[in-house]
Amino acid sequence: MSTYVKGYRSPYDAEHQNHLKVLKVCREVGVSLPEETSDYFDGIKPECIDPDSTLEVKIPVHEVVPCPGSEGYEIILSEIPQGVYKIRFEHSW
């Protein structure tokens, strides 16, 4: 079994909506994103950003072995990016 941890921004978050507007304008006029918006989208080129999938955010996850024969994951709260409103744990077999 594999475990994945994903964070998500709220689609209604004002900051998120503002960055989507900047993305749209920059695409329309063919210019680069401002640094702040580029950082928000993890430095991905504007033409490669899918506005419908920008809600997912990387969450730092630390694997731990509390005792022999077991393993787990830790999420350090202070490492969760600002604007994340939910965290999803997904398992696949």
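The values are calculated or read from the model by the stated rules, or taken from the named source; none is laboratory data. Every value quoted in this text rests on a predicted model; they were computed, and no experiment measured them. With ideal geometry, Cβ positions are generated from the backbone for all residues, glycine too; neighbour counts draw on all protein chains shown.
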Inset, instruction - Just name the residue that is nearest to the chain's Cα centre (by Cα) out of those in segment 31-53 that are under 19 Å from Glu79 (Cβ atoms) and assigned to a helix (DSSP H, G or I). - result: Tyr40
Inset, instruction - State whether one or more residues within segment 15-29 are in contact with a strand residue (DSSP E or B) (Cβ under 9 Å, 6 or more places away or on another chain), of a type in the set (A, V, I, L, M) and surrounded by 11 or more Cβ atoms within 10 Å (Cβ to Cβ). - result: no
Inset, instruction - Among the numbered conditions (1) within 13 Å of the chain's Cα centre (by Cα); (2) outside any helix (DSSP H, G or I), tell me where His16 comes up short. - result: (2)
Legend entry - Residue list for segment 54-93, restricted to those being assigned to a loop (DSSP other than H, G, I, E, B) and more than 17 Å from Tyr4 (Cβ to Cβ): Thr54, Val65, Pro66, Cys67, Pro68, Gly69, Ser70, Ile76, Gln82, Gly83
Legend entry - Subset tally (residues that are in contact with a His (Cβ under 6 Å, 6 or more places away or on another chain) and modelled with pLDDT of 90 or more) for segment 2-55: 1
Inset, instruction - Using the structure shown, decide if Glu47 is exposed (fewer than 11 other Cβ atoms within 10 Å of the Cβ) and without any contact (Cβ under 8 Å) to a residue 60 or more places away in the chain. - result: yes
Legend entry - Condition broken by Ser38, with the remaining ones in (1) closer than 20 Å to Ile87 by Cβ; (2) surrounded by 14 or more Cβ atoms within 10 Å (Cβ to Cβ); (3) small (Gly, Ala, Ser) satisfied: (1)
Legend entry - Tabulated pairs, segment 70-93, first in contact (Cβ under 8 Å) with a residue 12 or more places away in the chain, second basic (Lys, Arg), C-beta under 7 angstrom, 6+ apart or interchain: Gly83/Arg9; Val84/Arg9; Tyr85/Arg9; Arg88/Lys6; Glu90/Lys6
Inset, instruction - Kindly indicate which of Lys58, Lys45, Lys86 is in contact with a Gly (Cβ under 8 Å, 6 or more places away or on another chain), among the charged types (D, E, K, R) and over 20 Å from Gln17 (Cβ atoms). - result: Lys58
Legend entry - Residue check for Pro11: touching a strand residue (DSSP E or B) at 6+ places or on another chain (Cβ under 7 Å), assigned to a loop (DSSP other than H, G, I, E, B) and either free of Cβ contacts under 8 Å to residues at least 12 places away in the same chain or not β-branched (Val, Ile, Thr) (or both): no
